[in-house]
Amino acid sequence: MAAFFLVAGVVVVAYLIFHNIFVKGKKCKSNVKLHGKTVIVTGSNTGIGKTTALDLARRGARVILACRNRQKAEAAIAEIKRETGNHQVVFMQLDLGSLKSVRSFAETFLKSEPRLDLLINNAGIFMQGITEDGLGMMFGVNHIGHFLLTNLLLDRLQECGPSRVVNVASLGHNFGQIDFNCLSTHKEMGFGKSDIDTFKIYCNSKLCNVLFTHELAKRLQGTNVTCYSLHPGTIKTELGRYSKSFFLILLNPISWLFFKNPVAGSQTTLHCALQEGLEPLSGRYFSNCTARNVYPKARDDAVAKKLWEVSESLCGLT
Ligand SMILES: NC(=O)c1ccc[n+]([C@@H]2O[C@H](COP(=O)([O-])OP(=O)(O)OC[C@H]3O[C@@H](n4cnc5c(N)ncnc54)[C@H](OP(=O)(O)O)[C@@H]3O)[C@@H](O)[C@H]2O)c1
Ligand SMILES: *[C@@H]1O[C@H](CO)[C@@H](O)[C@H](O)[C@H]1NC(C)=O
Ligand SMILES: *[C@@H]1O[C@H](CO)[C@@H](O)[C@H](O)[C@H]1NC(C)=O
């Protein structure tokens, strides 16, 4: 009996040490307050978007929850207001799978909000499908929607500098590739319906996030706007909700032990958004609150430039 408790004790302690070192990750250390500042967080009704919005609200910001579903967003807003006592937390409708919705969001925002200090492009989807505009779902929502949104809001960000754009990408971008031929035939960064194809297309869309950040930083040189991309960690959220993949279902119970919770999962986003003195690292990719080197494919100037131009024409910006 004593041996059993000893073993159990050792297992628990070992797990806690393991969890603290390998799962939890670093915390955002900035104590910066955001009174008088306005921030947008896309996809903030759940997951790490919600914990990010909550942290920014606690720091006093006016927080715009840019979400596609009013009901879910209002529930998150009630929770954020209750937990932070900040009542400057508002919903604005945004469906990133619709260029029309992105344009109408930007129009409403620019008309009603005088400032924009932080744009956090956090929303993401792991699901095959087709957007309202006929684009592949993951390319359309994860990349194109945010590409258009950012471009429409850039002037306001510049007027309010120093300001930042934070793009939530993923470690998965390492497995991604950019195939412009496939894009022109399928309007998606990859095709095929198997679980592995879905994963690849997701990773390709996340590589777009990293390359978009790389090119955006160049275009923003000489302004007071900087931008960053990041991997938030492996987090227990709703991201896998549409997948019937056996692997993901298997992962679900394991995720309680090995995945971060959403508060831990928002730390690198917050670091990129708030940490003082990060400006010289504009365009870089972060994980665990640290700038990382990326593979050449994730900082390829020519591909990043071409992706920008193709994206512009896909959303009618030229
Ligand atoms: N979880 C992880 O382990 C992990 C790892 C690496 C990167 N990431 C990235 O982290 C970000 C946040 O994901 P999460 O894990 O917090 O997932 P989540 O819990 O599924 O949250 C995703 C958010 O994006 C929103 N969204 C999806 N499609 C949208 C659309 N068309 N228009 C507007 N909003 C839309 C969702 O809204 P609805 O609730 O209405 O669907 C939800 O608010 C994503 O960019 C994801 O790729 C996550
Ligand atoms: C994050 O960085 C800290 C400090 O450098 C390190 O101790 C920890 O193992 C890292 N955690 C993860 C999840 O990478
Ligand atoms: C950037 O901000 C500084 C300090 O607020 C300001 O003096 C400068 O004019 C700004 N630069 C641009 C290009 O807006």
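The table that follows gives values for the structure above.
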| item | result |
| --- | --- |
| Residue count for the range 217-247, restricted to those that are within 16 Å of ligand 3 (Cβ to nearest atom) and open to solvent by less than 50 Å² (accessible area, probe 1.4 Å) | 6 |
| Residue within the range 86-102 that is of a type outside the set (Ser, Thr, Tyr), loosely packed, with under 15 Cβ neighbours inside 10 Å, free of Cβ contacts under 8 Å to residues at least 12 places away in the same chain and part of a loop (DSSP other than H, G, I, E, B) present | yes |
| Matching residues, the range 22-50, being crowded, with 17+ Cβ neighbours inside 10 Å and of a type in the set (A, V, I, L, M) | Val23, Leu34, Val39, Ile40, Val41, Ile48 |
| Test: residue in the range 184-195 that is within 22 Å of Val39 (Cβ to Cβ), touching a residue at least 40 places away in the same chain (Cβ under 8 Å) and open to solvent by less than 10 Å² (accessible area, probe 1.4 Å) | no |
| Cβ pairs under 7 Å, 6+ apart, first in the range 148-164 and on the phi < 0 side of the Ramachandran plot and assigned to a loop (DSSP other than H, G, I, E, B), second open to solvent by less than 40 Å² (accessible area, probe 1.4 Å) and more than 16 Å from ligand 1 (Cβ to nearest atom) | Cys160/Leu116; Cys160/Asp117; Gly161/Val225 |
| Qualifying residue in the range 236-258 (condition: touching a strand residue (DSSP E or B) at 6+ places or on another chain (Cβ under 9 Å) and modelled with pLDDT of 95 or more) | no |
| Any pair with Cβ under 6 angstrom, 6 or more apart, that starts in the range 282-294 at a residue that is under 12 Å from His271 (Cβ atoms) and ends at one that is away from ligand 3 (no atom under 16 Å from the Cβ) and open to solvent by 40 Å² or more (accessible area, probe 1.4 Å) | Asn288/Lys26; Cys289/Lys26; Ala291/Leu281; Ala291/Arg284 |
| Near pairs, Cβ below 6 angstrom, 6+ apart or cross-chain, from the range 24-49 (over 22 Å from Ser287 (Cα atoms)) to any residue that is within 16 Å of ligand 1 (Cβ to nearest atom) and open to solvent by 20 Å² or more (accessible area, probe 1.4 Å) | Asn45/Lys72 |
| Those residues of the range 51-84 which are outside any helix (DSSP H, G or I) and open to solvent by less than 50 Å² (accessible area, probe 1.4 Å), in sequence order | Arg59, Gly60, Ala61, Val63, Ile64, Leu65, Ala66, Cys67 |
| Given (1) away from ligand 1 (no atom under 14 Å from the Cβ); (2) under 26 Å from Ala61 (Cα atoms); (3) surrounded by fewer than 22 Cβ atoms within 10 Å (Cβ to Cβ), index of the condition Ser163 fails | (3) |
| Any hit, the range 113-136, residues being assigned to a helix (DSSP H, G or I), more than 16 Å from ligand 2 (Cβ to nearest atom) and at pLDDT 95 or above | no |
| Residues located in the range 254-281, provided they are free of Cβ contacts under 8 Å to residues at least 40 places away in the same chain and either touching a Cys at 6+ places or on another chain (Cβ under 9 Å) or within 16 Å of ligand 3 (Cβ to nearest atom) (or both) | Gly277, Pro280 |
| Search result, residues across the range 15-50 that are at pLDDT 95 or above, part of a helix (DSSP H, G or I) and not β-branched (Val, Ile, Thr) | Gly47, Gly49, Lys50 |
| In the range 136-169, the residues that are under 20 Å from Ile48 (Cα atoms) and within 16 Å of ligand 3 (Cβ to nearest atom) | Arg164, Val165 |
| Residue selected from the range 262-293 under the condition within 16 Å of ligand 2 (Cβ to nearest atom) and in a loop (DSSP other than H, G, I, E, B), by the criterion surrounded by the most Cβ atoms within 10 Å (Cβ to Cβ) | Ser266 |
| The range 267-310, subset hydroxyl-bearing (Ser, Thr, Tyr) and under 15 Å from Gly25 (Cβ atoms), residue farthest from ligand 1 (Cβ to nearest atom) | Thr290 |
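The values are calculated or read from the model by the stated rules, or taken from the named source; none is laboratory data. Keep in mind the model is a prediction, meaning the values are calculated, not measured. Ideal geometry is used to build each Cβ from the backbone, glycine not excepted, and the neighbour counts take in all protein chains shown. What goes into the accessible areas is simple: the full protein's heavy atoms, side chains included, and nothing from ligands, DNA or RNA. Shrake-Rupley method; radii C 1.70, N 1.55, O 1.52, S 1.80 Å.
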